[in-house]
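The values are calculated or read from the model by the stated rules, or taken from the named source; none is laboratory data. All of these numbers come straight from a predicted model, not from anything done at the bench. Please note: Cβ atoms are built from the backbone with ideal geometry, for glycine as well, and neighbour counts cover all protein chains shown. Ligands, DNA and RNA are excluded from the accessible area calculation, which covers all protein heavy atoms including side chains. Shrake-Rupley method; radii C 1.70, N 1.55, O 1.52, S 1.80 Å.
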Amino acid sequence: MRRTRGVAVAAGAAALTLVTVTGAHAEGRGDIRVTKTVVDHGTNVIVGTSKTIRYPIVMTIKDNSGVKGVTRVSTFGSSSGSGVAEQDGSVTCVKQSTTTSVCTAMMKIVPGWMPGYSTLDANVMAGVWTVNATVKANDGDYWISDGIASYKVKRAATLVTNASPEPVKKGGKLTVTGKLARAHWEDLKYYGFTGQAVKLQFKKAGAASYTTVKTVKTGSGGKLSTTVTAASAGSWRWYFDGTTTTMQVASAGDTVQLG
């Protein structure tokens, strides 16, 4: 059965957030306002194919009479107009002063909700999301705020590296292969990500960090392959910068000794 659309309500049982954008607006009465909002500590929210993801939406709220609380929080894709998230428990508020409180709403995304959530392909949810909230003051003031924050919900990605032969003679040819894949939210599997620029990086034995040697594009099925000259012992890895809809990822290093 397909899920119906609605909004997440702070009071009572958590409700599934499946909402459609109706146009940004703000309305209410009085001086209560959300002055700052931070989602997931300022990082991207990464969603794969099985693990439940929980993340906070932290709002700083001000009113001259003090803050009573938050009665509604919803979040969804800015361009797709849809998203799937559940408020995980009630909003908690911590009083900072007579006029200011910091309120936190915990959100939850379960990948299993995504397939068939609507007639749209679930993958269109990836990208920039927006946050709406309704806040209330002790003197009866309230404010319905759309677009109090923007953040990105991205598809998880995997990246692997294999360098051979091992060991390799100094000055010999080394073939480095790999594969870039990303989560597909319609069937909850990972598929190769083709046509993407991926950096081949090397860290010399004893060095503290990797340096980029060359950039290679993924082929069919997200596969990578290139040949380099082995000048030193060390570790090889692939590094992907990510896109607006897919996470940044680096493979584990494959250490190659000189023989």
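Figures for the structure shown
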item: Selection from the range 179-200 of residues that are within 16 Å of residue 242 (Cα to Cα) and in contact (Cβ under 8 Å) with a residue 40 or more places away in the chain; result: 179, 180, 181, 182, 183, 184, 190, 193, 196, 197, 198, 199
item: Filtered residues of the range 58-77 (kept if buried (at least 23 other Cβ atoms within 10 Å of the Cβ) and in contact with an Asp or Glu (Cβ under 8 Å, 6 or more places away or on another chain)); result: 63
item: Residue that is surrounded by 19 or more Cβ atoms within 10 Å (Cβ to Cβ) and within 30 Å of residue 52 (Cβ to Cβ), where the choices are 126, 163; result: 126
item: Tally, over the range 51-91, of residues that are within 14 Å of the chain's Cα centre (by Cα) and part of a strand (DSSP E or B); result: 9
item: Qualifying strands (runs of 3 or more DSSP E) (wholly inside the range 200-252; at least 3 residues being open to solvent by 40 Å² or more (accessible area, probe 1.4 Å) and closer than 29 Å to residue 77 by Cβ); result: none
item: Lone unmet requirement of (1) crowded, with 16+ Cβ neighbours inside 10 Å; (2) closer than 30 Å to residue 139 by Cα; (3) at pLDDT 80 or above for residue 10; result: (3)
item: Selected residue (criterion: farthest from the chain's Cα centre (by Cα)) from residues of the range 92-101 that are in a strand (DSSP E or B) and β-branched (Val, Ile, Thr); result: 100
item: The range 168-194, residues that are in contact with a strand residue (DSSP E or B) (Cβ under 6 Å, 6 or more places away or on another chain), part of a loop (DSSP other than H, G, I, E, B) and either small (Gly, Ala, Ser) or open to solvent by less than 50 Å² (accessible area, probe 1.4 Å) (or both); result: 193
item: Condition met for residue 80 (at pLDDT below 95, within 30 Å of residue 187 (Cβ to Cβ), open to solvent by 10 Å² or more (accessible area, probe 1.4 Å) and among the small types (Gly, Ala, Ser)); result: yes
item: Filter pass, residue 136 being of a type in the set (Lys, Arg) and open to solvent by less than 50 Å² (accessible area, probe 1.4 Å); result: no
item: Criterion: among the small types (Gly, Ala, Ser), closer than 19 Å to residue 45 by Cβ and touching a strand residue (DSSP E or B) at 6+ places or on another chain (Cβ under 9 Å) - qualifying residue of 118, 90, 80, 101; result: 80
item: Selection within the range 100-119 - out of contact with any Leu (no Cβ under 9 Å at 6 or more places or on another chain) and open to solvent by 30 Å² or more (accessible area, probe 1.4 Å); result: 102, 104, 106, 108, 110, 119
item: From the options 172, 206, 147, residue that is at positive phi and more than 24 Å from the chain's Cα centre (by Cα); result: 206
item: Residue list for the range 13-50, restricted to those being assigned to a loop (DSSP other than H, G, I, E, B), open to solvent by less than 60 Å² (accessible area, probe 1.4 Å) and modelled with pLDDT of 50 or more; result: 30, 32, 48, 49
item: Residues within the range 102-125 that are assigned to a loop (DSSP other than H, G, I, E, B), modelled with pLDDT under 95 and out of contact with any helix residue (DSSP H, G or I) (no Cβ under 7 Å at 6 or more places or on another chain), tallied; result: 6
